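Down below is the structure, laid out as structure tokens.
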Amino acid sequence: MSSIPKIVILGAGYGGILTAQRLQKELNYNEADVTLVNRHDYHYITTHLHMPAAGTDTIEHARVSISKLIDEFKIDLVKSNVKEIRLQDRKIILEDGTLSYDYLIIGLGGEPETFGIPGMLDHAMTIRSINSVRLIREHIEYQFAMYKNDNKRNRINFVVGGAGFSGVEFVAELADRIPKLCKEFDVNPKNVHIYNVEAAPSALPGFDPELVEHAMNVLKKKGVTFKIGVPIKQCLPDGVIVGEGEKIDAATVVWTGGIRGNALLEQAGLEVMRGRVKVDEYLRAPGHEDVYVIGDNSLVFNKEGRPYPPTAQIAMQQGVNCAINVVAAIRKKERQPFVFTSKGTVASLGKGEAIAVVGGKKYKGWKAAQLKKLVDLRYLLIIGGIPLVLKKGRFFG
């Protein structure tokens, strides 16, 4: 029997990949047996998915083969679906086998949070994976093609639920794509309508009001109609009911209104809030000192007692901290508490436009758009070095 500790990482998102890469850097040869479990053999860049969803960029820019990111002599990649987490047995049940662990890192990614809105799960599409993105893009193109056959106006009406980051960034890309689709399918642009519906009193919560106003003005000029402070009450096969019973006819509804944690955590017996585990200062699940939870699955509070939003940058920092703490545990050394350091916030508003807050300074327009490109290139550099930057980086457009 091998006495080498077994480390299992569930999920190859931002947190999972950064954990795996840091472990392979920190661990000595034969110090631990590391297994990374992921549904696909690629890692996808979630913050880029809104572009191929709208059809303004290729899917290939949004995904990277995991074999290009990890050393397969040091980390074993298992392509499978996780069916169950058995904490009491220290086992992970996969669709085609079982893994045992000494240290477990859970970074399985989130699921759409529909807040119980009737019909949302059945009739709306979500930007959450490469496959869902492909479906949205093809669906949009299909609606334009069908409109030329049956002239049904709702085919070229688009509703995006949620005006947070994902909703606004997708709406911006869709607004950029519409003129090209209209030209391709010979459709009058005046007949196309994009609605962005948000229940909260403001779009882009957490952003400076001046920047929010700039963002909304940019998108209104691109043809987006905002309905702010107006909740979606029901999602139907042919549109949505909003506010006090108003119906918006639309053959396309894309829901970006929220993410919750993964159902597998609650099923495993962990205490959750909206599917997320409130982790301790070392990112461990309460009562399980060898189980770490990161990314969309974790809940971390700031000094004011408010939860940090689940962003890519917090997941990346958690991944590095988690790996350091697992290595420290193996070596019987002191763990490091997780402290989130914000590098700033950038929201894309389509071609040549964005808003950003970096280093306490506000940026908008072209400058902010360049910052967005830098953020994307920096991530590619971190996970794959200069070769990945040259292969996947977007330097123009």
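The values are calculated or read from the model by the stated rules, or taken from the named source; none is laboratory data. Given the structure is predicted, the values throughout are model-derived calculations rather than measurements. Quick reminder, even Gly has a Cβ in these numbers, built from the backbone with ideal geometry, and neighbours come from all protein chains shown. Side chains included, ligands, DNA and RNA excluded: accessible areas come from the protein's heavy atoms. Shrake-Rupley method; radii C 1.70, N 1.55, O 1.52, S 1.80 Å.
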Checklist entry - Of the residues that make up region 50-63, is at least one in a loop (DSSP other than H, G, I, E, B), open to solvent by 50 Å² or more (accessible area, probe 1.4 Å) and touching a Ser or Thr at 6+ places or on another chain (Cβ under 7 Å)? => result no
Checklist entry - Which residues, counting only those in region 342-355, are touching a strand residue (DSSP E or B) at 6+ places or on another chain (Cβ under 6 Å) and either open to solvent by 30 Å² or more (accessible area, probe 1.4 Å) or free of Cβ contacts under 8 Å to residues at least 40 places away in the same chain (or both)? => result Gly344, Thr345, Val346, Ala354
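Collect the residues in region 64-77 that are under 24 Å from Arg394 (Cα atoms) and either open to solvent by less than 60 Å² (accessible area, probe 1.4 Å) or within 17 Å of the chain's Cα centre (by Cα) (or both), keeping them in residue-number order. Steps first, answer last, please.
Filtering region 64-77 down to residues under 24 Å from Arg394 (Cα atoms) leaves 64-70.
Of everything in region 64-77, those that are under 24 Å from Arg394 (Cα atoms) and either open to solvent by less than 60 Å² (accessible area, probe 1.4 Å) or within 17 Å of the chain's Cα centre (by Cα) (or both) turn out to be Val64, Ser65, Ile66, Ser67, Leu69, Ile70.
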Item to check | Leu380 being of a type in the set (A, V, I, L, M, F, W, C), part of a helix (DSSP H, G or I), buried (at least 20 other Cβ atoms within 10 Å of the Cβ) and touching a helix residue (DSSP H, G or I) at 6+ places or on another chain (Cβ under 8 Å) | outcome: yes
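Does Val242 satisfy being among the aliphatic types (A, V, I, L, M) and touching a Pro at 6+ places or on another chain (Cβ under 8 Å)? Write out each step before concluding.
Values: among the aliphatic types (A, V, I, L, M): yes; touching a Pro at 6+ places or on another chain (Cβ under 8 Å): yes.
For Val242, the condition - among the aliphatic types (A, V, I, L, M) and touching a Pro at 6+ places or on another chain (Cβ under 8 Å) - is met.
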Checklist entry - Residues in region 240-247: is at least one in contact with a Lys or Arg (Cβ under 8 Å, 6 or more places away or on another chain), open to solvent by 30 Å² or more (accessible area, probe 1.4 Å) and over 24 Å from Lys91 (Cα atoms)? => result yes
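With respect to Thr98, is the statement that it is buried (at least 17 other Cβ atoms within 10 Å of the Cβ), in contact with a strand residue (DSSP E or B) (Cβ under 6 Å, 6 or more places away or on another chain) and not hydrophobic (A, V, I, L, M, F, W, C) true? Walk me through it before giving the result.
Details: buried (at least 17 other Cβ atoms within 10 Å of the Cβ): no; in contact with a strand residue (DSSP E or B) (Cβ under 6 Å, 6 or more places away or on another chain): yes; not hydrophobic (A, V, I, L, M, F, W, C): yes.
Judged against the criteria, Thr98 is not a match.
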Item to check | Residue that is nearest to the chain's Cα centre (by Cα), among those in region 9-45 that are more than 18 Å from Glu60 (Cα to Cα) and of a type in the set (Lys, Arg) | outcome: Arg22
Item to check | strands (runs of 3 or more DSSP E) wholly inside region 199-314 containing at least 1 residues that are more than 29 Å from Gly109 (Cβ to Cβ) | outcome: 224-228, 239-242, 246-249
Checklist outcome for this item: Checked region 358-377 for anything among the aromatic types (Phe, Trp, Tyr) and either surrounded by fewer than 18 Cβ atoms within 10 Å (Cβ to Cβ) or on the phi > 0 side of the Ramachandran plot (or both); matches are Trp366
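Looking at Val8, is it aliphatic (A, V, I, L, M), under 28 Å from Leu174 (Cα atoms) and in a strand (DSSP E or B)?
Values: aliphatic (A, V, I, L, M): yes; under 28 Å from Leu174 (Cα atoms): no; in a strand (DSSP E or B): yes.
No, not satisfied.
Take region 21-67 and flag every residue that is of a type in the set (A, V, I, L, M, F, W, C) and touching a residue at least 60 places away in the same chain (Cβ under 8 Å).
Within region 21-67, the first condition is being of a type in the set (A, V, I, L, M, F, W, C), and the residues that meet it are 23, 27, 32, 34, 36-37, 45, 49, 51, 53-54, 59, 62, 64, 66.
Leu23, Leu27, Ala32, Val37, Ile45, Leu49, Met51, Ala53, Ala54, Ile59, Ala62, Val64, listed by residue number.
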Checklist outcome for this item: Taking first residues from region 253-272 that are touching a residue at least 24 places away in the same chain (Cβ under 8 Å) and second residues anywhere that are of a type in the set (Lys, Arg), the pairs with Cβ under 6 Å that are 6 or more apart or on different chains are Arg260/Arg274; Gly261/Arg276
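So is Thr47 in a helix (DSSP H, G or I) and open to solvent by 50 Å² or more (accessible area, probe 1.4 Å) or not? Working first, answer last.
Numbers: in a helix (DSSP H, G or I): yes; open to solvent by 50 Å² or more (accessible area, probe 1.4 Å): yes.
Taking the combined requirement at face value, the residue satisfies it.
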Item to check | Odd one out for Lys91 among (1) touching a residue at least 12 places away in the same chain (Cβ under 8 Å); (2) at negative phi | outcome: (1)
Checklist entry - Restricting the search to region 59-74, which residues are more than 12 Å from Gln21 (Cβ to Cβ) and among the acidic types (Asp, Glu)? => result Glu60, Glu72
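Results for (1) touching a Phe, Trp or Tyr at 6+ places or on another chain (Cβ under 9 Å); (2) surrounded by fewer than 15 Cβ atoms within 10 Å (Cβ to Cβ), shown as yes or no for each residue.
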| site | (1), (2) |
| --- | --- |
| Asn151 | no, yes |
| Val160 | yes, no |
| Gly164 | no, no |
| Lys183 | no, yes |
| Asp186 | no, yes |
| Pro189 | no, yes |
| Ile194 | yes, no |
| Val218 | no, no |
| Gly229 | no, yes |
